[in-house]
Structure formats: C-alpha cells, structure tokens
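Presented below is the structure to which this report refers.
The values are calculated or read from the model by the stated rules, or taken from the named source; none is laboratory data. Since we're looking at a predicted model, the values are computed, not measured. Neighbour counts run over all protein chains shown; Cβ positions are idealised from the backbone, glycine included.
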C-alpha cells in the first residue's frame, strides 16, 4: 500500500517538473508544439516528409507564426499559449518508423558483408 502511494506521489512530482519545464522552455508562448522545435537531422527531415498534408501544413503555420512573432519581439496572450495538456507529439510515430527502417537497413548491410 505504501509503495503505491510513493509511486503516485513521485508521478505527480515528475508531472509538475515536466509542466514547469514545458513553460520555462518558452516555445508554448508562441503556440508552438514540442515537435515544431525539434532539430531537423536526416531522420527528422524524412519523418516530416511522411506527415499527412494537414499535419505538415499545421506545422508550417505554427513555425511561420512563431517567426513572425519573434521578429516583432512579441508573444501571444497567455490564454493562447499551448498548454502542456494539449501537447500533441505528432511527429513521434513517423520518426520512430524512420529510425527503425534506418536501423533495419544498416543491419541488412552488415549481414551482407
């Protein structure tokens, strides 16, 4: 019983830290999602190419709006900020698929050698 309470308490504590960090990072003040800010290496670029058109267009809109706000040295009103609970890791599935395929190709090349 005490173990479950400790796990529950540590889960709440971790959730608070994640929410604090999410707000401290600042991208939410521009209504960006976490996946809008990810560094675009080759795997990420390939995952972005695989996005459905609506997700790709949403991503481009978020980035363009954030660039516009940044150039004006502005942020959105607090009620328009992206909330931690609204976060949508839209790129994660596609990125995992790209990485898995790259590793599979590498394993295939090693077997052939």
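For residue 68, work out the one condition from (1) under 30 Å from residue 104 (Cβ atoms); (2) surrounded by 10 or more Cβ atoms within 10 Å (Cβ to Cβ) it doesn't fulfil.
(1)
Have a look at 56, 90 and point out the one that is surrounded by 14 or more Cβ atoms within 10 Å (Cβ to Cβ), at pLDDT 95 or above and farther than 17 Å from residue 28 by Cβ.
Selected residue: 56, the only one of 56, 90 that is surrounded by 14 or more Cβ atoms within 10 Å (Cβ to Cβ), at pLDDT 95 or above and farther than 17 Å from residue 28 by Cβ.
Listed residues 110, 101, 97; which is part of a helix (DSSP H, G or I), at pLDDT below 90 and closer than 27 Å to residue 42 by Cα?
110
Restricting to the stretch 73-94, name every residue that is at negative phi and not in a helix (DSSP H, G or I).
Within the stretch 73-94, 74, 75, 76, 77, 81, 82, 83, 87, 88, 89, 90, 91 qualify.
Could you tell me which residue of the stretch 26-70 is farthest from residue 94 (Cα to Cα), considering only residues that are touching a helix residue (DSSP H, G or I) at 6+ places or on another chain (Cβ under 8 Å) and part of a loop (DSSP other than H, G, I, E, B)?
Filtering first and then ranking leaves 31.
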